[in-house]
Structure formats: structure tokens, C-alpha cells
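Asks: My structure is below; once you've seen it, I'll send some questions.
The values are calculated or read from the model by the stated rules, or taken from the named source; none is laboratory data. Not measured: the values here are computed from a predicted model. Glycine gets a Cβ as well: all are built from the backbone with ideal geometry, and neighbour counts include every protein chain shown.
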Amino acid sequence: MAYRLGSINRKMDRLRTFVLNEDLQIKDGDVKTALTKLLKLKECIGNIGNDLHFLTRYLADSFLKEKHGVTIDLTTPDGGAGLDIKLDEIVGEIKTTSPYLENDFGAAQKREIKKDLERLENSPEKHKYFFVIDGKTERILKQKYSKHYPSVKIVNLLKEPMTSGRIGNNHEAQPISKKINLNSSKESGRNKYQKLEEFLRNSSKQIENLTYEGIERIIGTKLPSSAYIYRAWWSNLGQPHAKTWSNRSIDLN
């Protein structure tokens, strides 16, 4: 698990370096330059489809744990035959698809989605889930397809208010170390992370260890999904929310 997340983090680091260092402007008709840059981009992100499926499967596991008290095997290889999730009384399919059209799926997408929905609908299990992560996908499924598969529940995992959808050992939140420069300016930020800045500023500790839940209690709201999954979210470089601490010499390790 840790290795897989480490691989994703390395992709994000390569992507950040690519964006910062490459001239992304391409002159009209300069096909070779466009192709070269796309090849470099492809090298940075690799097979992102497998990464999306892996992370979505993890969120599905958290959803099922909270709703039904069961877990799924996260070591199962991506793209296996049959339904993605098959448990006692529960079956599910994971789709990271983004619609090819504005208000519907492309022909190939439509065939695959209908096949999966039919398999779920015809399954004898009590609970049937079609897990998605794209808002447009969710909207189209509910508007145009759900009525034909009434026993299947469409679930957008990124909209679910889960607390355990984080990657770590035994689904525990990873501790985050905050190293504070106590001599920095005491000017307060003006966003929702101001409370976190004030908490750190008022702490008597040189290093403050906080879990994700602890940070959420301080700021009074849930952290975005990216904060649980991507180390880059906490970076002091180029992230608008990070200005709360980066402009005031607070380092997040």
C-alpha cells in the first residue's frame, strides 16, 4: 500500500517539475514540439488509469466499512474479470470513467457501462453499488440509466462524508509533523486555515504532531480528499491554501 502511494507521489513530483520547467506554449503548426511535450507528460504520469482505480477502490473499501462493517481485498490486481467487488450480500463495480460527450457516454463507454449495470442488476446480492468519482458521470447515470437498473445504487465516492478514506496502516490517519518558527510574523491568514495557523502559532511546542482528524477539528471543517491522498497538497510551493503557513515561515514535514 505504502509503495503504491509512494509511486503516485513520485508521479506528482515529476509532473510539478515538468509544469514548472517546461515552456508549455506551442506555436501553430509545430507538431513535433507538441508531440515531444506530450510524450514527456506521458512519461511523468505513466498509467494514471491504474492509479485512479486503486485510489477509488480504497475509497470504496472505506465506504463499505462505514456502511456495512465489511472490507474488500485491496491487493486484488486492477482490471480483473467479473465485478470489482463481490462479498456476502454486497456486489459493486468501480468506474473512473469521464463521459466522452457532454450529456452522455461515447459508444464504447456506453456498452461497457450497460454491461456492468446489467450484471449488477441481475446479481442476487442484497446491496448493489456502482461507484464513480466523476460528477458528470454521476449525473448522466442518474438521469438516463438508473431507471433501467432500479436495484443498483449510484455512489459518487468523492461526495461521501467519509472519515476513514485515507491511505495508511489499518486505515489509521497518518500523523503530520508541524515544525514552527516561533519568531515569525503573527499576521493572521484570511482563509479557513487561519485557525490552524493560530493554533500552531500559540503552541508552546517546537514540533506539533497532528492527525487529519485533529486538523479538521481545529479548522472546523473537512479537509479535501486531495489532502488525504497527495503529499503535494501540503507543499509550500504554489498551493493557495499553503500561503497561510508558507508566508509565515511555518514548515510542514
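Asks: Between a first residue in the range 6-32 that is closer than 15 Å to Trp233 by Cβ and among the β-branched types (Val, Ile, Thr) and a second residue that is in a helix (DSSP H, G or I) and at pLDDT 85 or above, which pairs have beta carbons less than 8 Å apart while being 6 or more apart in sequence or on different chains?
Replies: Close Cβ pairs (under 8 Å, with a partner that is in a helix (DSSP H, G or I) and at pLDDT 85 or above) amount to Ile8/Asp51; Ile8/Leu55.
Asks: Search the range 56-83 for residues that are within 11 Å of Ile94 (Cα to Cα) and pair each with any residue that is modelled with pLDDT of 90 or more and in a helix (DSSP H, G or I) when their beta-carbon atoms are under 6 Å apart and the residues are at least 6 apart or on different chains.
Replies: Partner pairs satisfying both residue conditions: Leu59/Leu157.
Asks: Quick check on this structure: which one of Thr71, Thr97 is farther than 19 Å from Lys136 by Cβ and assigned by TED's automatic domain parsing to the domain that holds Val132? Lay out the reasoning, then the answer.
Replies: On the way: Thr97 fails: farther than 19 Å from Lys136 by Cβ.
After ruling out the rest, the residue left standing is Thr71.
Asks: Looking only at the range 1-23, decide whether some residue is within 20 Å of the chain's Cα centre (by Cα) and under 30 Å from Lys126 (Cβ atoms). It would help to see each step written out before you state the result.
Replies: Going residue by residue through the range 1-23, those that are within 20 Å of the chain's Cα centre (by Cα) are 1-16.
Okay, now just the ones that are also under 30 Å from Lys126 (Cβ atoms), so 1.
Yes; the residues of the range 1-23 include at least one that is within 20 Å of the chain's Cα centre (by Cα) and under 30 Å from Lys126 (Cβ atoms).
Asks: Might you let me know whether the range 66-73 holds any residue that is among the charged types (D, E, K, R), surrounded by 13 or more Cβ atoms within 10 Å (Cβ to Cβ) and over 21 Å from Pro161 (Cβ atoms)? Please lay out each step first, then the result.
Replies: Keep residues of the range 66-73 that are among the charged types (D, E, K, R), which gives 66-67, 73.
With the extra rule that they be surrounded by 13 or more Cβ atoms within 10 Å (Cβ to Cβ), the set shrinks to 66-67.
With over 21 Å from Pro161 (Cβ atoms) added as a condition, the list becomes none.
No, the conditions are met nowhere in the range 66-73.
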